[in-house]
1. Cross-link partners among lysines for LYS97, C-alpha distance below 24 Å, same-chain residues fewer than 8 apart left out?
2. In nm, to one decimal, how far is the GLU93 label point from the GLU9 one, both placed 7 Å along Cα→Cβ?
3. Provide HIS129, HIS48 in ascending order of the number of other Cβ atoms located within 10 Å of each residue's Cβ, fewest first.
4. So if we plug the beta-carbon distance of GLU134 and ASP45 into 1/(1 + (r/R0)^6) with R0 = 25 Å, what FRET efficiency do we get, rounded to 0.05?
5. Along the principal axes of its C-alpha atoms, what lengths does segment 3-133 span, in descending order and rounded to whole Å?
6. Could you work out the Kirkwood radius for segment 74-147, taking every pair of different alpha carbons, averaging 1/r and inverting it, reported in Å?
7. Run through segment 1-86 and list the chymotrypsin sites (Phe, Trp or Tyr not before Pro) located in a DSSP loop whose Cβ has at most 13 other Cβ atoms within 10 Å.
8. Between VAL26 and GLU57, what is the spin-label point distance in nm, taking each point 7 Å from the Cα along the Cα→C-beta axis?
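Taken together, the values in this text are just the output of simple stated rules run on the coordinates, not laboratory data. Computed from a predicted structure; not experimentally measured. Cβ coordinates were reconstructed from backbone atoms using ideal geometry, including for glycine residues, and neighbour counts include every protein chain displayed.
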Amino acid sequence: MINLLVADESHTEIVSEMLASLFEEVGHTPSASEIASVFADIDTDDRHSTLLAVNDEGDAVGVMTIAETLSLYAGGYIGVINELYVVPEYRSEGVGKILLDAARDLADERGWRRLEVTTPGAEYQKTLHFYEKEGFLPIGPRYKFEL
């Protein structure tokens, strides 16, 4: 059975390691230590949540970060899933769906107008198909400007 818990500072190491694995898979460069220092800051922000999926043995098998933001185009507050990672041996076992269902519950609880998810590029068809199967629709590419 998979259980969910809200990550806090006591989970910094596991959240950082899991997100470092995600970023390595998709070609980003933050290390676990860099992620840990950012997590310490966002953990205190009530507009940000990090959820951990844990198995019966208490091992973390998935993580999701979600942030609340205000969007004029969506007509109010929305949730943005910035990261969602499931350890490889638990993929296709329903962990990602459990995390997305928790995001939907959080959206209902907070009165968000919609959920959006940051996805990797088109070369990750299995990931994109998962989100589409869960009812997410493509809304176009995102761009960034490094500061």
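1. Reachable lysines: LYS126, LYS133.
2. Distance between label points: 3.2 nm.
3. Sorted ascending by nearby Cβ count, the order is HIS129, HIS48.
4. For GLU134 and ASP45, the calculated efficiency is 0.45.
5. Extents along the principal axes: 38, 34, 31 Å.
6. This gives a value of 13.6 Å.
7. Qualifying residues, ordered by number: TYR73.
8. Result: 2.8 nm between the two label points.
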